[in-house]
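Report on one structure; see the data block that follows.
The values are calculated or read from the model by the stated rules, or taken from the named source; none is laboratory data. Quick caveat: nothing in here was measured; it's all calculated off a predicted structure. With ideal geometry, Cβ positions are generated from the backbone for all residues, glycine too; neighbour counts draw on all protein chains shown.
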Amino acid sequence: MREIEERTYRELSITPLTLMETAGREVAICVAKLRPRVITVVCGRGNNGGDGVVCARALTAMGIATQVILIFDEAQNNALLTQQILWARTCGVKFVRSNDLAAEVARADVVVDAILGSGARQPLPAVIAEAVETINTYARTVVAVDVPSGVAEKPGLIVHANKTVCFAAMKSEMTQLPARAACGEIHVVDIGIPSSFYAETDGIAIDKHFAALHLNHQRTLPGIRNVHKGTFGHVVIWGGGAGKSGALCLSTISALRTGAGLVTAAAFQHQALAGLPADIMTTTAMDYEALKSSLTRATAVAFGPGLGTDENAARMLDQTLQILKTPAVIDADALNLLAKDPRPWKEKLGPGPRILTPHPLEFVRLFGDNVETVQNARIEQALQAARTSSTTVVLKGANTVIASSDESWGVCQSGNAELAKGGTGDVLCGIIGAFLARGLSPFVAASLGTYIQGEAGALAAMQIGEASVMASDVARLIPHVLRRFERRE
């Protein structure tokens with residue numbers, strides 16, 4: 001972050017003060033939406049504290065009762081924070097002593113945590129540790145500035161926030177447990193640092209800018225108006241075993257809604273084809289000659305939604321992967337079948353590009369270790385798995401990590417608890433399959449698919465409430481998310 005900020009100052013002539021002003025005001029906007037009557041901003045002695053003081057000044061200007069508590073003696077503050085304190089006092093911001101921090105935190109409707117930013121080290125100094133414990137014990141609602149104080153490479157004492165206003169892009173430490181759980185709802189806000197500055201150094205933020213770039217690029221290709229159904233690809237989705245017809249239905253509908261020109265459902269049980277829309281072509285996986293014919297015409301294949309894990313499914317999956325040069329998504333039951341196969345990755349995956357989409361438990365079955373270790377180092381684990389298997393790995397969960405064998409990686413900025421429902425993985429499989437069929441690279445298809453699914457889930461939660469969202473709601477709203485990115489000439 002220091003290197004990125006220094007580059008921003010140097011190349012764009014944006015001053016540290018300007019970045020701090022923008023960051024602090026973004027936090028204030030988020031806090032004001034909670035409609036608090038009394039706010040306490042708890043500040044450390046560095047730039048994170050400066051962001052907090054700017055936030056307090058902006059909230060005071062809005063007419064909201066706001067006070068600032070500095071947990072260090074003012075002589076220890078850095079120059080930028082000192083400047084912000086002088087400015088804030090001139091503007092009427094109230095500063096109170098930290099002698100009775102617990103009482104001040106307890107009486108506030110919202111506490112803003114502006115003690116430590118990214119790059120913290122554990123264990124925390126005593127004065128900071130005491131402040132963190134006080135906030136965790138007495139605060140009703142906490143909004144963290146950039147990251148919850150205490151987030152670090154190694155786990156330790158952390159502020160437990162209800163919301164985190166994260167500047168420019170998520171920080172890698174935030175993807176690891178328990179830090180991810182401590183962040184609460186994450187809002188990534190633009191403070192004027194180009195996303196390319198992050199992509200060149202430390203992965204990418206898979207956000208609305210990423211989505212707009214890749215979706216609009218597809219629409220502006222030469223001759224794009226002279227199109228037919230083959231222009232947007234043909235995806236074959238292979239699954240639908242006994243009692244699991246819903247998974248295949250969700251995946252195929254999601255692929256169509258994402259824009260695949262043709263979608264074929266290949267089902268292990270003929271009954272699984274009965275409820276599919278007329279728009280979807282069908283075949284049975286048991287008719288291997290017909291299946292091979294469909295695979296020959298396909299531009300992408302997705303394996304797994306409701307496939308089952310019996311010997312017949314394992315045999316046919318292996319036969320198909322061995323001859324399939326087409327890009328493929330391997331999901332759900334297909335992942336569990338791969339986990340049982342002791343052969344080296346290259347032998348069991350076959351010749352084509354592959355995307356693996358495991359949740360943490362499936363990831364452990366595939367690559368070993370245990371869930372806690374995986375969750376505490378999600379980026380590193382995903383990258384290692386991608387290298388080991390020579391694939392693109394989608395490590396699902398809060399802030400899904402996408403990693404490629406070429407060392408590309410990113411963290412998805414969309415998706416919340418509404419996606420913790422059966423069937424949402426099948427929706428994601430269909431979305432990624434459609435993007436693969438449309439010619440996107442495995443990394444971009446996986447990243448874009450994950451982001452679109454998360455946004456569709458958020459839209460569903462907004463419409464009907466987080467607890468009531470079903471996977472079919474997410475699939476239904478895919479077109480509404482895609483419309484946001486349409487660029488009409």
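Overview of values
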quantity	calculated
Condition met for Leu419 (closer than 21 Å to Cys183 by Cα, surrounded by 24 or more Cβ atoms within 10 Å (Cβ to Cβ) and out of contact with any strand residue (DSSP E or B) (no Cβ under 6 Å at 6 or more places or on another chain))	yes
Residue within the stretch 423-441 that is over 16 Å from the mean Cα position of the chain (by Cα), of a type outside the set (A, V, I, L, M) and over 23 Å from Leu248 (Cα atoms) present	yes
Among residues of the stretch 463-475, those that are among the charged types (D, E, K, R) and either out of contact with any helix residue (DSSP H, G or I) (no Cβ under 8 Å at 6 or more places or on another chain) or farther than 14 Å from Arg257 by Cβ (or both), counted	1
Out of Ala382, Ala334, Ala313, sole residue that is of a type in the set (Gly, Ala, Ser), within 22 Å of Ser251 (Cα to Cα) and under 25 Å from the mean Cα position of the chain (by Cα)	Ala334
Strands (runs of 3 or more DSSP E) wholly inside the stretch 390-489 that include at least 2 residues being closer than 22 Å to Asp333 by Cα	392-395, 401-404
Filtered residue count, the stretch 99-122, keeping only those that are surrounded by 13 or more Cβ atoms within 10 Å (Cβ to Cβ), without any contact (Cβ under 8 Å) to a residue 40 or more places away in the chain and of a type outside the set (A, V, I, L, M, F, W, C)	1
Qualifying residue in the stretch 370-383 (condition: crowded, with 24+ Cβ neighbours inside 10 Å and farther than 22 Å from Ala205 by Cβ)	no
Exclusive hit being out of contact with any Cys (no Cβ under 7 Å at 6 or more places or on another chain) and without any contact (Cβ under 8 Å) to a residue 12 or more places away in the chain, set Glu311, Glu362, Glu372	Glu311
Selection status of Leu321, in contact with a helix residue (DSSP H, G or I) (Cβ under 7 Å, 6 or more places away or on another chain), surrounded by fewer than 24 Cβ atoms within 10 Å (Cβ to Cβ), within 26 Å of Ser293 (Cβ to Cβ) and at pLDDT below 95	yes
Failed item, numbered, when Pro16 is tested on (1) surrounded by fewer than 19 Cβ atoms within 10 Å (Cβ to Cβ); (2) farther than 13 Å from Gln84 by Cα; (3) of a type outside the set (Ser, Thr, Tyr)	(2)
Where a residue in the stretch 470-483 is polar (S, T, N, Q) and its partner, wherever it lies, is not in a helix (DSSP H, G or I), with Cβ under 9 Å and at least six apart	Ser472/Gly423
Residues that are in a helix (DSSP H, G or I) and over 30 Å from Leu295 (Cα atoms), drawn from the stretch 365-386	Val371, Glu372, Thr373, Val374, Gln375, Asn376, Arg378, Ile379, Glu380, Gln381, Gln384
The stretch 49-83: number of residues that are touching a Pro at 6+ places or on another chain (Cβ under 7 Å) and either over 13 Å from Val31 (Cα atoms) or of a type in the set (Phe, Trp, Tyr) (or both)	1
Tally of residues being polar (S, T, N, Q) and surrounded by fewer than 24 Cβ atoms within 10 Å (Cβ to Cβ) across the stretch 422-457	1
Residue match in the stretch 139-146 (condition: touching a Leu at 6+ places or on another chain (Cβ under 7 Å), on the phi > 0 side of the Ramachandran plot and assigned by TED's automatic domain parsing to the domain that holds Leu19)	no
Single match in Val38, Val42, Val31, Val27 (criterion: surrounded by fewer than 19 Cβ atoms within 10 Å (Cβ to Cβ), assigned by TED's automatic domain parsing to the domain that holds Val143, among the aliphatic types (A, V, I, L, M) and touching a residue at least 24 places away in the same chain (Cβ under 8 Å))	Val38
Residues that are over 15 Å from the mean Cα position of the chain (by Cα) and of a type in the set (Lys, Arg), drawn from the stretch 151-176	Lys154, Lys163
Entirely in the stretch 165-269, the helices (runs of 4 or more DSSP H) that have 3 or more residues that are modelled with pLDDT of 80 or more and not polar (S, T, N, Q)	179-183, 208-219, 245-258
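One line per residue, one yes/no per condition, for (1) touching a Phe, Trp or Tyr at 6+ places or on another chain (Cβ under 7 Å); (2) among the charged types (D, E, K, R):
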| residue | (1), (2) |
| --- | --- |
| Cys249 | no, no |
| Phe268 | no, no |
| Ala272 | no, no |
| Thr283 | no, no |
| Val301 | yes, no |
| Gly306 | no, no |
| Asp310 | no, yes |
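Matching residues to (1) within 23 Å of Val188 (Cβ to Cβ); (2) without any contact (Cβ under 8 Å) to a residue 24 or more places away in the chain; (3) loosely packed, with under 14 Cβ neighbours inside 10 Å:
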site: Ile85; (1), (2), (3): no, no, no
site: Arg97; (1), (2), (3): no, no, yes
site: Val142; (1), (2), (3): yes, no, no
site: Lys154; (1), (2), (3): no, no, yes
